[in-house]
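Report on the following structure.
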Amino acid sequence: MIGVLGLQGDFAAHGTALRHAGADWCLVKKPGQLDAVDGLIVPGGESTTLLRLMESWRMFEPLRAFVASGRAFFGTCAGLILAAREVRNPAQPSLGLIDLVVERNGYGRQIDSFESYGEFRPPHGPARPLEMVFIRAPRIVQLGPRVESLATWRGECVLARQGRVLAAAFHPELTDDPTVHRLFVSMCRNGRG
């Protein structure tokens, strides 16, 4: 079972993508519900609002413990911001689950949102085009030495993985292509997928 954090963002679209990827899913709204899931997706939304909601539910330490226990984590857009080691523009707290630096609204404000194709480089197999939707997207500006770039847009990393943590600057749940969710499902089932 894969959980989708249901505090803010389009969690239903992630649920649909998980079903297309062959996985069962449930909403997670409280720390105690983390015990029932093998992986967790933190969807997009507004990161400062999401931070406040997570603080009110005391989610920070349970989420760090969740990842430390070896279970998989996937953050998209605001979820990427929350997973990062460091957040800029402006600085804000984060969970520090993946060794990367991210800049909020790095591709522009809401009016600058766009759809495009980037390049997906799977762990096994040839690179191929991947549809991407960017909405007030954060920009990954620095990768740590143990972080693997799995997809790029115009040469910039937009999908990164470190161990069992996956992070995307774009919204894979808003396309009909289940590639990224299939990768995450495999991470939940088979470690590094």
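Checked across the range 150-168, the condition of being among the acidic types (D, E), without any contact (Cβ under 8 Å) to a residue 40 or more places away in the chain and closer than 27 Å to V67 by Cα holds for at least one residue.
Is one or more of the residues making up the range 99-119 of a type in the set (F, W, Y), in contact with a Ser or Thr (Cβ under 8 Å, 6 or more places away or on another chain) and modelled with pLDDT of 95 or more? Checked against the condition, which is being of a type in the set (F, W, Y), in contact with a Ser or Thr (Cβ under 8 Å, 6 or more places away or on another chain) and modelled with pLDDT of 95 or more, the range 99-119 yields no hits at all.
Rundown of residues vs (1) surrounded by fewer than 24 Cβ atoms within 10 Å (Cβ to Cβ); (2) part of a loop (DSSP other than H, G, I, E, B); (3) touching a strand residue (DSSP E or B) at 6+ places or on another chain (Cβ under 8 Å), yes/no style:
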| residue | (1), (2), (3) |
| --- | --- |
| V141 | yes, no, yes |
| R146 | yes, yes, yes |
| A151 | no, no, yes |
| V158 | no, no, yes |
| A167 | no, no, yes |
| F170 | no, yes, yes |
| E173 | no, no, yes |
| V180 | no, no, yes |
| R189 | yes, no, no |
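Is it the case that the range 36-49 has a residue that's farther than 19 Å from V185 by Cβ and either of a type in the set (V, I, T) or in a strand (DSSP E or B) (or both)? Looking through the range 36-49, at least one residue is farther than 19 Å from V185 by Cβ and either of a type in the set (V, I, T) or in a strand (DSSP E or B) (or both). In the set (1) of a type outside the set (A, V, I, L, M, F, W, C); (2) free of Cβ contacts under 8 Å to residues at least 40 places away in the same chain; (3) more than 26 Å from C26 (Cβ to Cβ), the condition left unmet by S186 is number (3). Condition test on A168, is it under 25 Å from R88 (Cα atoms) and out of contact with any Asp or Glu (no Cβ under 9 Å at 6 or more places or on another chain)? Considered against the rule, which asks whether it is under 25 Å from R88 (Cα atoms) and out of contact with any Asp or Glu (no Cβ under 9 Å at 6 or more places or on another chain), A168 comes out as yes. The single condition among (1) surrounded by fewer than 18 Cβ atoms within 10 Å (Cβ to Cβ); (2) touching a strand residue (DSSP E or B) at 6+ places or on another chain (Cβ under 7 Å); (3) within 28 Å of G144 (Cα to Cα) that G44 does not meet is (1).
Scanning the range 1-23 for residues that are touching a residue at least 40 places away in the same chain (Cβ under 8 Å), outside any loop (DSSP other than H, G, I, E, B) and among the small types (G, A, S) returns A13, A17. From the list A84, A72, the lone residue that is under 17 Å from L183 (Cβ atoms), of a type in the set (G, A, S), surrounded by 15 or more Cβ atoms within 10 Å (Cβ to Cβ) and modelled with pLDDT of 95 or more is A72.
The values are calculated or read from the model by the stated rules, or taken from the named source; none is laboratory data. All values derive from a computational prediction rather than experimental measurement. Glycine gets a Cβ as well: all are built from the backbone with ideal geometry, and neighbour counts include every protein chain shown.
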